[in-house]
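Heads up, the thing below is written out as structure tokens.
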Amino acid sequence: MPSAKTDISDMYDIDWLALCLKALGHPVRLKLIEQLQYKDMPCCGDICDCFSFSQSTISQHLSVLMDAGLVECKKIGNKSHYTLKHATYREVLEQLQCLEQLKRTPFD
């Protein structure tokens, strides 16, 4: 049982979680995550077919997700294929659950 006074940083990595949440904090990037959950390693062109944005815009959003460690890119030939790092995505969700538990912990 957590003590009445809980150090938030003991429960999760605040900086890492903030980086991931910032990356997820854009509607296009949330849609990209949604697409990558259901498609196995699509290339940027395939992803662009699902959006009304240019390939450069999609690439920029994918880059933000990669910088946060949520997406990885593999070059196959002259194309870049993207995949959701499911374990990292699950970790973000678990960290958010830790944050949810804090509201039940009284602060002194």
Original post:
Name the residues in segment 1-37 that are more than 18 Å from Q95 (Cα to Cα) and modelled with pLDDT under 60, would you?
Top reply: S3, A4, K5
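Let's see how each residue does on (1) touching a helix residue (DSSP H, G or I) at 6+ places or on another chain (Cβ under 6 Å); (2) within 22 Å of C20 (Cα to Cα); (3) of a type outside the set (A, V, I, L, M, F, W, C); (4) surrounded by 13 or more Cβ atoms within 10 Å (Cβ to Cβ):
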| position | (1), (2), (3), (4) |
| --- | --- |
| K39 | no, yes, yes, yes |
| D49 | no, no, yes, no |
| L62 | no, yes, no, yes |
| L70 | yes, yes, no, yes |
| K74 | no, yes, yes, no |
| N78 | no, no, yes, no |
| H86 | no, yes, yes, no |
| Y89 | no, yes, yes, yes |
| L93 | no, yes, no, no |
Original post:
Of the conditions (1) at pLDDT 85 or above; (2) more than 19 Å from Q37 (Cα to Cα); (3) among the hydrophobic types (A, V, I, L, M, F, W, C), M66 fails just one. Which one is it?
Top reply: (2)
**OP:** For L30, state whether it is free of Cβ contacts under 8 Å to residues at least 40 places away in the same chain, within 19 Å of D13 (Cβ to Cβ) and among the hydrophobic types (A, V, I, L, M, F, W, C).
**Re:** no
Original post:
Within segment 65-95, can you find the residues that are out of contact with any Cys (no Cβ under 6 Å at 6 or more places or on another chain) and part of a strand (DSSP E or B)?
Top reply: V71, E72, C73, K74, K75, I76, T83, L84
Original post:
Would it be correct to say that K22 is part of a strand (DSSP E or B), surrounded by fewer than 17 Cβ atoms within 10 Å (Cβ to Cβ) and out of contact with any strand residue (DSSP E or B) (no Cβ under 7 Å at 6 or more places or on another chain)?
Top reply: no
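The values are calculated or read from the model by the stated rules, or taken from the named source; none is laboratory data. Nothing here was measured: the structure is a model prediction, and the numbers come from that model. Glycine also receives a Cβ, built like all others from the backbone with ideal geometry; neighbour counts cover every protein chain displayed.
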